[in-house]
Each structure stands twice: as C-alpha cells, then as structure tokens.
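Asks: Encoded as structure tokens, here's the structure I'll be asking about.
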Amino acid sequence: MEQRASFDFGFAFLFLGVLHGFSGFKVFLILYANYQVAKNLPRNLIPPATWIFNIGILFANELSDGYKFARMAEFFNPVGDGSLNNWGQWMDSHGGIMRRWEVLFNLTVLRLISFNLDYYFSLDKKTGSSLEVGPHIP
C-alpha cells in the first residue's frame, strides 16, 4: 500500500507537469492558499472566507487570462530590460498540453469549496478522527 501511495503521489506531480507545464505552479499556489483558508482561519470564518476566496479566484482567473508570467514579469520589471520579461515569455510558451488551465479550473473550484466545507462540518464531530473510517455494522 505504501508503494502504491508513493507511485500515485509522484505520478500526480508528473501528470500535472505535463498537463499544465509551468502553470502548474499557479495551480499549486491557489490550492495551497485554499488549504490555508480551511486550516488556519477561526472556525466561524471558514465558510464565508472559502466562498469569497474561491469566487474571487474565478473572477481573477477570468480577468487576468490565467496570470500570464510575461505580465507578471512586466509588473515586477516595468523598465523592461529584457531578461526577466524574456524569461516570463519563455515560461508562458511552456504551458503544457492544456495551455488554458484556467478554463477547466472552474470545476476544481467546486472541489475546493467542497473540501473546505467538509472540513468545517467535520470540526463539529467531537469523537474520532475526521479521517477515521469504521467497520460497517448492519
């Protein structure tokens, strides 16, 4: 079982790298931020913060056209000496098989909301672990 979990974990990163290319870093950053919303905010703020964060991500993805690296480089280096801007363009050109990741990311946002709200409701349970699975007793 340990070997299977290790394979699945490694293959997931490889698959996301091929699928999204350098945009995978953007996806992981959004996933990490969503996880931090669920785990580090006070309990009563988790549902509204989850909805605000994820709906905000949907609008930000749409308005910024998927956070192009070239635009980010231009923002951080407005003089445009070339090195950082060229690097951003190069990273954008290696976007993986699915270059427009932000289009299908809308479905992932539903899963992110579901995760956070499941975690929120699991905090109500006083006994056992939220990950614990017991035997089925008829």
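The values are calculated or read from the model by the stated rules, or taken from the named source; none is laboratory data. Quantities reported herein were computed from a predicted structural model and do not represent experimental measurements. Please note: Cβ atoms are built from the backbone with ideal geometry, for glycine as well, and neighbour counts cover all protein chains shown.
Asks: Which condition from (1) under 21 Å from I113 (Cβ atoms); (2) assigned to a loop (DSSP other than H, G, I, E, B) is the one that L29 breaks?
Replies: All conditions are met except number (2).
Asks: Confirm whether L14 is hydrophobic (A, V, I, L, M, F, W, C) and exposed (fewer than 13 other Cβ atoms within 10 Å of the Cβ).
Replies: So L14 fits the description; yes.
Asks: Next up: If you take the residues in the range 27-37 that are modelled with pLDDT of 95 or more and aliphatic (A, V, I, L, M), which one is surrounded by the fewest Cβ atoms within 10 Å (Cβ to Cβ)?
Replies: Filtering first and then ranking leaves A33.
Asks: Can you find, within the range 78-107, the residue that is surrounded by the fewest Cβ atoms within 10 Å (Cβ to Cβ) among those that are modelled with pLDDT under 75 and on the phi > 0 side of the Ramachandran plot?
Replies: That would be G82.
Asks: Filter the range 56-75 for residues that are in a helix (DSSP H, G or I) and touching a residue at least 40 places away in the same chain (Cβ under 8 Å) and give the result.
Replies: Answer for the range 56-75, where residues must be in a helix (DSSP H, G or I) and touching a residue at least 40 places away in the same chain (Cβ under 8 Å): I57, L58, N61, E62, F69.
Asks: If a residue has to be among the aliphatic types (A, V, I, L, M), over 24 Å from the mean Cα position of the chain (by Cα) and in a loop (DSSP other than H, G, I, E, B) to count, how many in the range 76-98 make the cut?
Replies: Qualifying residue count, the range 76-98: 1.
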